[in-house]
1. Looking for whichever is modelled with pLDDT of 95 or more and open to solvent by 30 Å² or more (accessible area, probe 1.4 Å) here; the options are Thr35, Thr25, Thr63. Which one fits?
2. Out of the residues in the range 107-121 that are open to solvent by 10 Å² or more (accessible area, probe 1.4 Å) and modelled with pLDDT of 95 or more, state the one that is farthest from the ligand (Cβ to nearest atom).
3. Pick out the one residue from Ala412, Ala378 that is modelled with pLDDT of 95 or more, in contact with a helix residue (DSSP H, G or I) (Cβ under 8 Å, 6 or more places away or on another chain) and of a type outside the set (D, E, K, R).
4. Report those strands (runs of 3 or more DSSP E) wholly inside the range 334-420 carrying at least 1 residues which are open to solvent by less than 60 Å² (accessible area, probe 1.4 Å) and free of Cβ contacts under 8 Å to residues at least 40 places away in the same chain.
5. Of the numbered conditions (1) at pLDDT 95 or above; (2) over 30 Å from Ile181 (Cβ atoms); (3) over 18 Å from the mean Cα position of the chain (by Cα); (4) buried (at least 16 other Cβ atoms within 10 Å of the Cβ), Ala208 satisfies every one except a single condition; which is it?
6. When you go through (1) in a loop (DSSP other than H, G, I, E, B); (2) over 18 Å from Lys22 (Cβ atoms); (3) open to solvent by 10 Å² or more (accessible area, probe 1.4 Å) one by one for Met296, which number turns out not to apply?
7. Can you find a residue that is out of contact with any strand residue (DSSP E or B) (no Cβ under 8 Å at 6 or more places or on another chain), on the phi > 0 side of the Ramachandran plot and of a type outside the set (D, E, K, R) anywhere in the range 203-219?
8. With within 16 Å of the ligand (Cβ to nearest atom), of a type in the set (A, V, I, L, M) and touching a Pro at 6+ places or on another chain (Cβ under 8 Å) as the only criterion, which of Val298, Val262 stands out?
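The values are calculated or read from the model by the stated rules, or taken from the named source; none is laboratory data. Values in this document were obtained by computation on a predicted structure and should not be read as measured data. Counting neighbours? That spans all protein chains shown, and the Cβs are built from the backbone with ideal geometry, glycine included. Accessible surface areas use protein heavy atoms only, side chains included; no ligands, DNA or RNA. Shrake-Rupley method; radii C 1.70, N 1.55, O 1.52, S 1.80 Å.
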Amino acid sequence: MDKLVIEGGYPLEGVVEISGAKNATLPILCASLLTAQALELSNIPRLQDVATALKLLGQMGVTRTREGDRISIQAAQVDSLEAPYDLVKTMRASILVLGPMLARFGQARVSLPGGCAIGSRPVDQHIKGLEAMGAKIEIEAGYIVAEARRLRGARIVTDMVTVTGTENLMMAATLAEGETILENAAREPEVTDLAQLLVAMGARITGAGTDRIVIEGVEKLHGAAHRVMPDRIETGTFLCAVAATGGAIELRGTRSDTLDAVLEKLREAGLTIECGDTWIRASVAKHNGANRLRAMNVRTSEYPAFPTDMQAQFMALNCIADGTSLITETIFENRFMHVAELNRLGAHIEVEGNTALIHGAQSLSGSSVMATDLRASAGLVIGALVAHGETLIDRIYHLDRGYEEMESKLAAVGARIRRVGADRS
Ligand code: UD1
């Protein structure tokens, strides 16, 4: 199992190219099931989760060819309408095949994802929404077994804001008979990116990016081309890295308008940030003595508020900031597993329910730590980049699920970071 070895204390200087967004790519790949024609997609990141999605679609009969960041994907002939447990358990977003399969083929069998490290994460809202559209759904031996002659439009009010829930129902509604209204819809930019592709495929959708999305079903969708939006979480993670280490970096191929809440907090912490349409420059003098980052309170919430996927990275920043801060996690019930690991690096964090109290320390010190989930790993990388001495991060397969070549991107801007195999060779 690969590990990362990081020697902390080096400022970051240079340019980083941001990859396409994982959380936009996964639903977009699943949207290929909605038509027999090909989708020509670009800015597709090379990630373990993308490989898992392609494997799942491949098992169903979807053909795809990949060249660099481009994928041509076509569901002309789909011969299996099943998403098996062994794939769904490694990637919960596999649930995104349910809506498209049911809408186009009238049947689907998708494993229930089960819990994951950050919480129980049920999919009841996906099921409730599809039932409201006329699907008959049974849970059989851990599988969601769904059937519908043709889905019908419905007004669906989800109990909470759910990102993949909104995406699944929006995809299903594109081929339903009549109008579907999704109330309390997720406003995340990845939902809007998916809607843009669906519209290019012939879907009739208005309101994506607001909490009320209206979809007028059509008989058929067709092929389309689409460039996936930049990854706002990768962008935010690199901004946190430079905030932690000091230095100056330019992030290219990104979109600052998807990061308002994150940029505001980083400015509050003391980072100087300049934005253009497709780039962000960030700099901070090396924080020694008087020049430390300022501690900031953070509360995660749905977009456009502060994203839960940036919580661990901000926790790492607060560990070395001047002052005491509170981080409140409102989306997932168990998303503080990085706390124990950051404390191993010398941080002072206490957790009470869904709130962490962080006493900023002058410095952290290198140690051996373990990644527990995708964004927790990113928090540990940031802690390690600033810690004195060497940190060994184990279980970085979590990081590989969602960050494209993180260590080479960081090394290119001056971080002392390398990947080693299980025997540290
Ligand atoms: C997506 C993102 C993930 C991000 C999360 C919150 C993808 C592939 N993943 O995950 O990176 O951390 O949004 O921004 O886009 N819930 C239910 N029942 C449901 C659905 C959700 O109770 O049927 C709950 C969840 O347990 C959670 C909350 O609603 O507490 C929000 O979850 P949701 O937005 O669905 O997260 P994901 O779409 O899984």
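1. Details: Thr35 fails: open to solvent by 30 Å² or more (accessible area, probe 1.4 Å); Thr25 fails: open to solvent by 30 Å² or more (accessible area, probe 1.4 Å).
Result: Thr63 is the single residue among Thr35, Thr25, Thr63 that is modelled with pLDDT of 95 or more and open to solvent by 30 Å² or more (accessible area, probe 1.4 Å).
2. Gln107
3. Values: Ala412 fails: in contact with a helix residue (DSSP H, G or I) (Cβ under 8 Å, 6 or more places away or on another chain).
Exactly one of Ala412, Ala378 is modelled with pLDDT of 95 or more, in contact with a helix residue (DSSP H, G or I) (Cβ under 8 Å, 6 or more places away or on another chain) and of a type outside the set (D, E, K, R), namely Ala378.
4. On the way: elements: 348-352, 355-359, 368-370, 390-394, 416-420.
Because the criterion is at least 1 residues that are open to solvent by less than 60 Å² (accessible area, probe 1.4 Å) and free of Cβ contacts under 8 Å to residues at least 40 places away in the same chain, the strands (runs of 3 or more DSSP E) in the range 334-420 that meet it are 348-352, 355-359, 368-370.
5. (2)
6. It fails just one condition, (3).
7. Taking the range 203-219 and keeping what is out of contact with any strand residue (DSSP E or B) (no Cβ under 8 Å at 6 or more places or on another chain), we get 208-210, 219.
Still in the running and on the phi > 0 side of the Ramachandran plot: 209.
Adding the requirement that they be of a type outside the set (D, E, K, R) leaves 209.
Yes - at least one qualifying residue is present in the range 203-219.
8. Numbers: Val298 fails: touching a Pro at 6+ places or on another chain (Cβ under 8 Å).
Just a single option satisfies the conditions, and that option is Val262.
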